[in-house]
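A.B. asks: Following this message is one structure expressed as structure tokens.
Throughout, read-outs are computed from the coordinates displayed, never taken from laboratory work. Predicted model, so just to flag it, every value in this text is computed and none were measured. No Cβ is skipped: glycine too gets one built from the backbone with ideal geometry, and neighbour counts run over all protein chains shown.
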Amino acid sequence: MKTESFDFELITPCFCAGANQAIAEIRAPSIRGQLRWWFRALGGNAKDEAFLFGSAAGDSGTGSRLRLNVSDVKPTASRNLPSFSPNDAQSYVWHYASVSGTTVKGAKGPRWQPQGALPVGTTFKVHLTWLRPAGNLKPAFDEALSAFLALGTVGLRATRGLGAFHCKQTANLDVVITSLGKKANPFTIRRRSDPDDFSDYASALKDWAAWLRYRLRKEHKAERPSPLGSSDPRQTSAIRFRPIRTNNGRVAWLAFEPPGSRVLGTESRRHSPLLSGYNFAGPAPAPEAKPRRY
């Protein structure tokens, strides 16, 4: 059995937990779930996904061909959670993490306390062991793994930039992005420019949250099906915001959208990628000034 090991470092807080939501932990099932998402987004079908990752379809279920383990989780000492108001753009990122796990109006959920999130700088290792050969699906799995290592996230609000990481074994980011853009059913990827990066993740988060709230969500409400996600029908966003740690230690970000046919229900799909109509350049959007009353 061959085992590959990967070194990770969180670059945004991660709200990932097991049965006890008040205690954050990096869980192998969460990483496995993200790998399955990438395999599917890159063109894998249900049969091949079950062949690689296993299935639990009664007597016809099959075991996984790979095993994932997490070790050496080392959180940093700082576990402070941000303060924000509903009027802040970043509330679009933090709000659902703060109320997850409770139905009491105005109350915070069990995750919203120091032990409920793993802080920036937390390091951990992921070990991937092949129990049985992947056969001719190994190249497709390797592509999904490479994309996950470069652009993946883990945990709650993963589509909005939380649970992002830097992996020491990541392939060149530009190579991964170019590959995703050249597929028969390509990903649509938009990088933030002018400015190209920010001093830290909090500054970058405020910026991408402003684009999300004052531009994308203003034009595509959560009440209506779209690639941004919707409440009815319940649809997870296909558009993902992803911070990137740069070589000089600063934080850049991009947004990407996989083919809708791979990850969206029919009601949420568009004839063309939603992100194709956006260019994240120049000053971040701001709320419209309210008219003065005289």
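A.B. asks: Could you pull out every residue, at least 5 positions away or on a different chain, whose amide H is within less than 5 Å of the one on Ala24? Hs are placed 1.01 Å off N in the peptide plane, and Pro or chain starts have none.
C.D. replies: Amide H neighbours of Ala24, under 5 Å, 5+ apart: Gly116, Ala117.
A.B. asks: A further question follows. Check each of the trypsin sites (Lys or Arg not before Pro) in the range 1-80 and keep only those in coil by DSSP with at most 11 other C-beta atoms within 10 angstrom; list them in order.
C.D. replies: Here the trypsin sites (Lys or Arg not before Pro) that fit, given the DSSP loop and packing criteria, are Lys2.
A.B. asks: I would also like to ask the following. Under 16 Å from the Cα of Lys138, which lysines turn up, not counting those fewer than eight places away in the same chain?
C.D. replies: Lys2, Lys47
A.B. asks: Further question: In a Gaussian network model over the chain where Cα atoms closer than 10 Å are linked, find which of Asp207, Asp232, Asp196 has the largest mean-square fluctuation.
C.D. replies: Asp232
A.B. asks: Same structure again: Of the listed peptides 155-167, 7-19, what is their order by residue-averaged count of other C-beta atoms within 10 Å, with the highest listed first? Display every interim value, and only then the final one.
C.D. replies: Working: 155-167: 23.5, 7-19: 21.4.
The packing order, highest mean first, is 155-167, 7-19.
A.B. asks: Summing +1 for each Lys or Arg and -1 for each Asp or Glu, what net charge is found among the other residues whose Cβ lies under 11 Å from the Cβ of Ile177?
C.D. replies: Result for the neighbourhood of Ile177: +3.
A.B. asks: Now for a separate question. Collect residues whose amide H, placed 1.01 Å from N in the peptide plane, falls under 5 Å from the amide H of Phe165; neighbours closer than 5 in sequence don't count.
C.D. replies: Ile11
A.B. asks: So I have [x] 18.1; [y] 15.7; [z] 14.5, and one of them is mean projected area of the Cα convex hull in nm² calculated from this model. Which one is it?
C.D. replies: So the calculated entry is the one marked [x].
A.B. asks: Quick query: amide H of Asp200 versus all other amide H atoms, modeled in the peptide plane; which residues come in under 5 Å with a sequence gap of 5 or more or a different chain?
C.D. replies: Hits under the 5 Å cutoff: Val251.
A.B. asks: Sort 91-104, 235-248 by the packing proxy (mean of other Cβ within 10 Å over each peptide's residues), most packed first.
C.D. replies: 235-248, 91-104
A.B. asks: Diagonalise the Cα gyration tensor of the range 96-180 and give the resulting equivalent ellipsoid semi-axes, square root of 5 times each eigenvalue, largest first, whole Å.
C.D. replies: So the equivalent ellipsoid measures 33, 15, 13 Å along its semi-axes.
A.B. asks: Now a separate question. Report D for the range 77-133 in µm² per second (integer): Stokes-Einstein, Kirkwood Rh on Cα pairs, 25 °C, 0.890 mPa s.
C.D. replies: Estimated diffusion coefficient is 177 µm²/s.
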